[in-house]
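Colleague: Take this structure, written in structure tokens, and hold onto it; I'll ask about it next.
The values are calculated or read from the model by the stated rules, or taken from the named source; none is laboratory data. In this text, all values refer to a predicted model and were calculated from it rather than measured experimentally. For neighbour counting, all protein chains shown are included, and Cβ atoms are generated from backbone atoms with ideal geometry for every residue, glycine included.
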Amino acid sequence: MTLATDFVQAAEPDSRWLMVVLHGLGDSMEGYRWLPEEMGLPWLNYLLVNAPDPYFTGYSWFDFPGDPMPGVRRSYQLLSQLLDDQRQAGFPTHQTFMFGFSQGCLMTWVTGVKYPHRLAGCIGISGFLPDPEALLRERSSMAQHQHFLITHGTMDPLLPFAAAKAQVQKMQAAGLQIEWHEFDKPHTIAGSLEMAVIRRFVQRRRTAPS
């Protein structure tokens with residue numbers, strides 16, 4: 001199995017910077033066609049990705065409802081191979097960002113913690129971790145060198161804010177480098193305000209020492 005993707009080229013055609021974009025439950029890559037224009041970064045390429053499992057009119061990264069872990073492990077292996085393939089295609093992992101919303105946020109968490117190569121940054125929006133302790137046991141030696149931006153809404157009716165914040169604090173206490181932002185929003189992206197935080201994180205990581 002391989003993941004369906006669509007590559008959106010940067011305005012600067014020779015750029016090797018890449019953002020891998022992971023949608024949420026029941027959505028697809030089509031839900032993120034707006035992202036390149038909204039980000040407004042001419043040096044950034046995008047790889048829009050569909051999750052592997054059909055779910056109504058879209059796709060899912062793992063079973064919902066039900067035990068998420070078999071699907072999470074399977075989807076991580078597919079994303080790991082995808083990142084390996086991008087590196088072979090000329091997009092260095094240290095210049096590759098992960099961006100995920102909801103289920104895609106979970107997969108961004110998992111990939112950032114387990115993948116054995118350093119990414120440019122991992123951006124997770126309105127997500128959760130089904131088993132933080134198990135993920136920490138499986139972390140790679142690179143996990144403490146990854147940089148995460150995690151955001152969540154104080155009014156999220158699907159994934160309660162307090163539980164999400166507690167998970168972030170647990171991961172921070174374990175040594176992960178996590179920038180945390182909370183927004184007065186439900187289960188969504190908080191428009192230009194949140195996008196400005198994401199854009200600044202990406203720009204800072206681009207100029208950070210390698």
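Colleague: Can you go through F128, F161, F148, F201 and tell me which one is at negative phi and more than 17 Å from the chain's Cα centre (by Cα)?
Modeller: Details: F128 fails: more than 17 Å from the chain's Cα centre (by Cα); F148 fails: more than 17 Å from the chain's Cα centre (by Cα); F201 fails: more than 17 Å from the chain's Cα centre (by Cα).
Residue meeting the stated conditions: F161.
Colleague: So, one more: Looking at segment 168-210 only, could you name the residues that are charged (D, E, K, R) and touching a Phe, Trp or Tyr at 6+ places or on another chain (Cβ under 9 Å)? Explain how you work it out, then say what you get.
Modeller: Going through segment 168-210, the residues charged (D, E, K, R) turn out to be 170, 179, 182, 184-185, 194, 199-200, 204-206.
Correct list: E179, E182, E194, R205, R206.
Colleague: Output the residue which, of all residues in segment 85-114 that are touching a residue at least 60 places away in the same chain (Cβ under 8 Å) and part of a loop (DSSP other than H, G, I, E, B), is nearest to I178 (Cα to Cα).
Modeller: Among those that are touching a residue at least 60 places away in the same chain (Cβ under 8 Å) and part of a loop (DSSP other than H, G, I, E, B), it is S102.
Residues checked against (1) within 18 Å of S75 (Cα to Cα); (2) not small (G, A, S):
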{"position": "M1", "(1), (2)": "yes, yes"}
{"position": "P13", "(1), (2)": "no, yes"}
{"position": "V20", "(1), (2)": "yes, yes"}
{"position": "E38", "(1), (2)": "no, yes"}
{"position": "L44", "(1), (2)": "no, yes"}
{"position": "A51", "(1), (2)": "yes, no"}
{"position": "F56", "(1), (2)": "no, yes"}
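Colleague: Out of L82, L47, L78, I need the residue that is assigned to a strand (DSSP E or B) and not charged (D, E, K, R). Which one?
Modeller: Working: L82 fails: assigned to a strand (DSSP E or B); L78 fails: assigned to a strand (DSSP E or B).
One residue alone meets the criteria, L47.
Colleague: Looking at the structure I just gave you, is D63 outside any strand (DSSP E or B) and at pLDDT below 95?
Modeller: Values: outside any strand (DSSP E or B): yes; at pLDDT below 95: yes.
So D63 passes the test.
Colleague: Another question, then. Among the candidates A89, A143, which residue alone is modelled with pLDDT of 95 or more and within 16 Å of the chain's Cα centre (by Cα)?
Modeller: Values: A89 fails: within 16 Å of the chain's Cα centre (by Cα).
When all the criteria are applied, what remains is A143.
Colleague: If you don't mind, another one. With respect to V72, determine if the residue is among the aliphatic types (A, V, I, L, M), in a strand (DSSP E or B) and touching a residue at least 12 places away in the same chain (Cβ under 8 Å).
Modeller: On the way: among the aliphatic types (A, V, I, L, M): yes; in a strand (DSSP E or B): no; touching a residue at least 12 places away in the same chain (Cβ under 8 Å): yes.
No: the conditions fail for V72.
Colleague: Next up: Output the residues belonging to segment 63-117 that are at positive phi and surrounded by fewer than 22 Cβ atoms within 10 Å (Cβ to Cβ). Write out each step before concluding.
Modeller: Step one: of segment 63-117, the residues at positive phi are 66, 90, 102.
Once the filter is applied, which keeps residues that are at positive phi and surrounded by fewer than 22 Cβ atoms within 10 Å (Cβ to Cβ), segment 63-117 yields G66, G90.
Colleague: Search segment 138-169 for residues being of a type in the set (D, E, K, R) and farther than 29 Å from Q95 by Cβ, and hand back the single one that is surrounded by the most Cβ atoms within 10 Å (Cβ to Cβ). Give the steps one after another, and end with the answer.
Modeller: First pass over segment 138-169, keeping only residues of a type in the set (D, E, K, R): 138-139, 156, 165.
After this cut, where a residue has to be farther than 29 Å from Q95 by Cβ as well, the list is 156, 165.
Details: D156: 20, K165: 15.
Applying the filter and picking the extreme gives D156.
Here's the yes/no breakdown for (1) within 18 Å of T111 (Cβ to Cβ); (2) out of contact with any Leu (no Cβ under 6 Å at 6 or more places or on another chain); (3) surrounded by fewer than 15 Cβ atoms within 10 Å (Cβ to Cβ); (4) among the β-branched types (V, I, T):
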residue	(1), (2), (3), (4)
F7	no, no, yes, no
E12	no, yes, yes, no
S15	no, yes, no, no
V20	yes, no, no, yes
M29	yes, no, no, no
M39	no, yes, no, no
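Colleague: With the requirement that a residue be in a loop (DSSP other than H, G, I, E, B), touching a helix residue (DSSP H, G or I) at 6+ places or on another chain (Cβ under 9 Å) and farther than 19 Å from G104 by Cβ, what does segment 150-205 give you?
Modeller: T154, M155, A174, G175
Colleague: Just give me the residues in segment 170-192 being surrounded by 13 or more Cβ atoms within 10 Å (Cβ to Cβ) and either among the β-branched types (V, I, T) or modelled with pLDDT under 95 (or both), in sequence order. Walk me through it before giving the result.
Modeller: In the first step, residues of segment 170-192 are kept if they are surrounded by 13 or more Cβ atoms within 10 Å (Cβ to Cβ); the result is 170-172, 174, 176-183, 185-190.
The answer is I178, T188, I189, A190.
Colleague: Would you confirm whether any residue within segment 163-172 is of a type in the set (V, I, T), over 21 Å from A51 (Cβ atoms) and either out of contact with any Leu (no Cβ under 6 Å at 6 or more places or on another chain) or touching a residue at least 60 places away in the same chain (Cβ under 8 Å) (or both)? Talk me through it step by step, then tell me what you get.
Modeller: Within segment 163-172, the subset of a type in the set (V, I, T) is 168.
With the extra rule that they be over 21 Å from A51 (Cβ atoms), the set shrinks to 168.
Next cut, either out of contact with any Leu (no Cβ under 6 Å at 6 or more places or on another chain) or touching a residue at least 60 places away in the same chain (Cβ under 8 Å) (or both) only: 168.
Yes.
Colleague: Could you check how many residues of segment 28-59 are of a type in the set (G, A, S) and touching a residue at least 60 places away in the same chain (Cβ under 8 Å)? Break it down into steps so the answer makes sense when it comes.
Modeller: So the first thing to find is which residues in segment 28-59 are of a type in the set (G, A, S), and the list is 28, 31, 40, 51, 58.
From what is left, the residues that are touching a residue at least 60 places away in the same chain (Cβ under 8 Å) are 40.
Here the count works out to 1.
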